[in-house]
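Reviewing the structure listed below.
The values are calculated or read from the model by the stated rules, or taken from the named source; none is laboratory data. If you're wondering where the values come from, they're calculated on a predicted model, not measured in any experiment. Positions of Cβ are generated from backbone atoms using ideal geometry, with glycine treated the same way; all protein chains shown enter the neighbour counts. The area values use the complete protein model at the heavy-atom level, side chains included, leaving out ligands, DNA and RNA. Shrake-Rupley method; radii C 1.70, N 1.55, O 1.52, S 1.80 Å.
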Amino acid sequence: MEITKLSAREMRKKLIDKEISSKEIIEAHIKKIDEVDGDINAFITLTREEALKQADEIDRKIKDGESIGSLAGIPIGIKDNIVTRNIKTTCGSKILENFIPPYDAAVIEKIKGKDGIILGKTNMDEFAMGSSTETSYFGSTKNPIDLERVPGGSSGGSAAAVKAGEVALSLGSETGGSVREPASFCGLVGIKPTYGLVSRYGVIPMANSLDQVGVFGRDVADAALMLSGIAGYDIKDSTSMKVEDTDYLTKLAEDIKGMRIGLPKEYFNIDMDKRVKEEVLKAVKVFEKLGGEVEEISLPYAEYGLPTYYIIATSEISSNLARFDGIRYGYRSKDYSSLDEIYINTRSEGFGEEVKRRIMLGTYALSSGYHDAYYKKAQRVRTLIKKDFDEAFKKYDIILSPTVPTLPFKLGEKIEDPLAMYMSDLMTVSVNLAGICALSMPCGMVEGLPVGLQIIGDRFKEMNILKAAYAFEREGESNGI
């Protein structure tokens, strides 16, 4: 039995049945990391000793007949912009290279409370700004499917770690597609929850009105298990919503016959790899076979999603990253003779090129004389994009589209062309602007590379997208896909 190939649910069941111990699970994954991470670079920080101590405690609970949590014994990777008490949290940046937080993020508290075991902090695009995990100060992460290709970004380390079997589950963060795109590129299930479903307390912000913690799993049920483990109201997060606690695993197998499914023509008419489009349209046929009622729909403001997103996101980035000034915490330049020089030199030396670019764009959009023309107008268009989805979900249960318009691209292929990189987010950013939920799951392969199918749902309708994804996944398994 190769432990690292088991699903998270299988690990927990075998743990409860005393077929394997929690320590054996963690040791197997540490061994896997030692074998493969030198090539993949999925982790920035490993927490071997802490993980083994947690494993021993879980084994003790089982031996003594104590109850264990829903994530007991499962090794989990954490994106390195989610703060962890006494464990380095870098955001993939030189400016936070040695930052050790004094507290745990809300999602970390939840994982620990459910006996999940954190195995380390995963690599990411610097401050979550990127679509390839190539902007990290700690080096690029490679796609385990093809080491010459990117794993997607900005949560590429979290996705690569799950795909490579280094952990069973992981957390990422989403601002404009940073969970769904890596899920697509690595052939995983990645969920972007509704804004407000999962606490953002302790997540180092990129753009507060867009950020949301997301999850990765190798299949739909594993991803649902992870989402159930971190969802819920948090008084420490002012954007957290009081919604009924849901065990997303319990209703996964419900029939989707009669489910109303929309296909937005705007998403299928944009310039994309024809092979990606073909695989997604094949997936649509599977939903029809399963009893879904598929119709073409229109989201007329979808074409404005990308420029709207980049104006709003960079504006919030400009404000959020002002706190990194060399005074309060993090890196400080050694070369200065005045307060202004501390600020200028620290930020010039501490931030990478992509972070500086987005700060400049956001500062410009917020500046006197341009605020109304850019930021204010973008907020108005954001409202129109949200209304598009509101209208669609009056009639439809889910919306289907490709996740990314391309296959995983090669390392270095787009890093020097920011506009080409930004185009990777064409089909994902509108979901964040509207604050709704979506997931990406594999729906086919092209020349050995995975194609991602995006399933979009209304606010707090995660169960709809999970049921649809699970039905599609089971149909694929029954046909040997």
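Under 5 Å between amide hydrogens, built in the peptide plane, is the criterion, and for residue 45 it picks out 121 among residues at least 5 positions away or on other chains.
For the chain, averaging the sequence separation of C-alpha pairs within contact (under 8 Å, six or more residues apart) and dividing by the residue count gives a relative contact order of 17 percent. Amide H contacts for residue 169 (H built 1.01 Å from N in the peptide plane; partners 5 or more residues away or on another chain; cut-off under 5 Å): 77. 3J(HN,Hα) along the stretch 414-429, derived from phi through the Karplus expression 6.51 cos²θ - 1.76 cosθ + 1.60 where θ = phi - 60°, amounts to 10, 5, 8, 10, x, 5, 5, 5, 4, 5, 4, 8, 3, 9, 10, 5 Hz, with x in place of Gly and Pro. Which log10 I(q)/I(0) values does the chain give at q = 0.13 Å⁻¹ under the Debye formula, counting every alpha carbon as one identical point scatterer? Relative scattering, expressed as log10 I(q)/I(0), comes to -1.20.
Helix-only arithmetic for the chain: the sum of -39500 (n - 2.57) across DSSP H runs with n ≥ 4, divided by the residue total, places the mean residue ellipticity at 222 nm at -11500 deg cm²/dmol.
Computed over the stretch 370-481, relative contact order equals 28 percent, with contacts defined as Cα pairs under 8 Å that lie 6+ residues apart.
In this structure the stretch 18-120 gives 41 Å² per residue of accessible area when probed at 1.4 Å with all protein chains present. The largest accessible area among 274, 387, 356 belongs to the first residue in 274, 387, 356, and the rest follow in falling order (1.4 Å probe, all chains). Oblate is the label for the stretch 124-238, because the ratio a/c of its alpha-carbon gyration tensor axes (a ≥ b ≥ c) is 1.5 or higher and a/b is not greater than b/c.
Averaging Cα coordinates gives a centre for the stretch 269-287 and one for the stretch 381-438; these two points are 15 Å apart.
Where both bridge residues fall in the stretch 31-151, DSSP classifies roughly 50% of the beta bridges as antiparallel. The stretch 114-130 and the stretch 231-252 have Cα centres lying 21 Å from one another. Take the alpha carbon gyration tensor of the stretch 1-118, find the square roots of its eigenvalues, order them as a ≥ b ≥ c, and report rounded if a/c is under 1.5; if not, report prolate when a/b exceeds b/c, else oblate. In terms of gyration-tensor shape, oblate. Cross-link partners of residue 31 among aspartates and glutamates, defined as those whose alpha carbon lies under 13 angstrom from its own and excluding same-chain residues fewer than eight positions apart: 2, 166. A straight Cα-to-Cα reach below 18 Å connects residue 285 with the aspartates and glutamates 255, 293, 295, 296, 397, 473, 475, 477, residues fewer than 8 places away in its own chain not being considered. The phi-based Karplus calculation (6.51 cos²θ - 1.76 cosθ + 1.60; θ = phi - 60°) puts the 3J(HN,Hα) values of the stretch 352-359 at x, 4, 5, 5, 4, 4, 6, 4 Hz, whole numbers, x for Gly and Pro.
Given axes a ≥ b ≥ c from the Cα gyration tensor, I'd like to know whether the stretch 322-461 is rounded (a/c under 1.5), prolate (a/b larger than b/c) or oblate. Taking the square roots of the gyration eigenvalues as a ≥ b ≥ c, the stretch 322-461 is oblate. The phi torsions of the stretch 455-464, fed into the Karplus equation with coefficients 6.51, -1.76 and 1.60 and a -60° offset, translate into couplings of 10, 10, x, 6, 4, 6, 10, 4, 5, 5 Hz, rounded to whole numbers, with Gly and Pro shown as x. Under 5 Å between amide hydrogens, built in the peptide plane, is the criterion, and for residue 174 it picks out 212, 213, 214 among residues at least 5 positions away or on other chains. The count of lysine pairs in the stretch 343-481 whose Cα atoms are under 22 Å apart, excluding pairs fewer than 8 places apart on the same chain, comes to 14.
Solvent-accessible area assigned to carbon and sulfur over the chain amounts to 50 percent, based on a 1.4 Å probe. Can you figure out the FRET efficiency of residue 372 with residue 333, using R₀ = 41 Å and their beta-carbon distance, to the nearest 0.05? The formula returns an efficiency of 0.70 here. Extension gain for the segment residue 380 to residue 98, taken as residue separation times 0.36 nm less the Cα-Cα distance, is 97.5 nm to one decimal. For a straight C-alpha distance cut-off of 14 angstrom, the aspartates and glutamates reachable from residue 251 (same-chain residues fewer than eight places away being disregarded) are 222, 462.
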